[in-house]
């Protein structure tokens, strides 16, 4: 697995060179988009992290986790992951913040850390897709698609915590 | 998100006003500090990946790969014409590679086009496919794990791929069953 990324980078670079793409200018062109992207998501990341911190320190986080953990427990989802599972459909940048928190708290290679990584990497911000993709549509019959997407995401979350146990 | 934020903030701050009023401000500031650290890390991560992805895009590979996606797209989305299939194929391909800067505008175009044609089934399918994100390489997650001290940041690649496959297949099947053609 550790060869995937190096080979990918190598392959992309070679293909680009063969296609006569100016490599330096191209790379710089991509990097130029990085800072604006961070600037764009930064206020959201910051606000969600403030929310997390206040929730944690007030003890609200513990209460919500305790209330929901039996429900999530039925499906085998550890209570440490509840926050991530709840935030992910609403906010991509927010859940990125929660992922980073989870990885630092429990360790990136722990079972919880690996589960969190898989859940984050395999799901999408459902309501963002609804808002952005279909913003210009006149007819918005989005209730069914939203339910279908949330159910599918939940099924894959259950699958993720299971697969992380055996892989 | 507004409702969630309002509830959490009011309940938390309300509760802390009685239990630990002196900690409220420091809790909020410490959340903001964590965000600053994360933003620095993300700038580095995004710079590397967006640089590489730009090369991929300029090589014209997205267009080529999207031709491969053309047939499966027509099959999954049912009765769509050629221009809709082109947008959809580009959206799906770009999402799979992880080029969201390409995927999102194509998705918006596809949605608007299908809306005009009154193709509700294909719209619902587009939603399901986009919202269950078939992604081949979770680049941000790998880099973030690496930065936060993982010794095997790639361990999650295969489980992530399997699990995103599960969600996409579920999304497609549920749409096919529950949304009228």
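No value in this document is a laboratory result; all are computed from the given coordinates. Because the structure is a prediction, the values reported are computed rather than measured. All Cβ positions, even for glycine, are placed from backbone atoms using ideal geometry, and neighbour counts span all protein chains on display.
Could you work out the relative contact order of the range A:19-150? I mean the mean sequence separation of Cα pairs under 8 Å and 6+ apart, divided by the number of residues, in percent.
Reported as a whole number, the value is 19 percent.
Over 27 Å, how big is the tail of the calculated P(r) for the range A:35-166, in percent of all Cα pairs? Present the calculation step by step, with values, prior to reporting the outcome.
Numbers: 1957 of 8646 pairs.
Value for the range A:35-166: 23 percent of Cα pairs lie more than 27 Å apart.
Top mean-square fluctuation among B:164, B:132, B:43, Gaussian network model of chain B, C-alpha springs under 10 Å?
Maximum fluctuation in the GNM of chain B, among the listed residues, is at B:43.
In vacuo Debye scattering of chain B, one point per C-alpha: log10 I(q)/I(0) at q = 0.08, 0.10, 0.18 Å⁻¹?
-0.39, -0.58, -1.15
Cut-off 10 angstrom, C-alpha nodes, Gaussian network model of chain A. Which of A:142, A:96, A:81 fluctuates the most?
Evaluated over chain A, the most mobile residue of the options is A:142.
Can you give me the distance in nm between label points at residue A:7 and residue A:147, each placed 7 Å from the Cα along the Cα-to-Cβ direction?
The modelled label-to-label distance comes out at 4.4 nm.
Quick one: compute the contact order of chain B, relative version, from alpha carbon pairs under 8 angstrom and 6+ residues apart, as a percent.
Taking the mean separation of contacting Cα pairs over the length of chain B, I get 18 percent.
For peptide A:110-120, what's the mean number of Cβ atoms from other chains within 10 Å of each residue's Cβ?
Across A:110-120, the average partner-chain Cβ count within 10 Å equals 5.
Bin width 10 Å, origin at 0, all Cα-Cα pairs of the protein assembly as shown: what percent of pairs per bin?
5, 24, 32, 26, 10, 2, 0
Based only on other Cβ atoms within 10 Å, what is the fewest-to-most ordering of A:122, B:66, A:110? Numbers along the way, then the final one.
Working: A:122 30, B:66 24, A:110 15.
Fewest to most other Cβ atoms nearby, the residues stand as A:110, B:66, A:122.
If each of residue B:118 and residue B:44 carries a label point 7 Å out from its Cα toward its Cβ, how far apart are those two points in nm?
Output for this residue pair reads 5.6 nm.
How high is the relative contact order of the range A:86-167, given as a whole-number percent (alpha carbon pairs under 8 Å, six or more residues apart)?
34 percent
For B:171-179, what's the mean count of beta carbons from other chains sitting within 10 Å of each residue's beta carbon?
Per residue, the number of nearby Cβ atoms from other chains is 4 on average.
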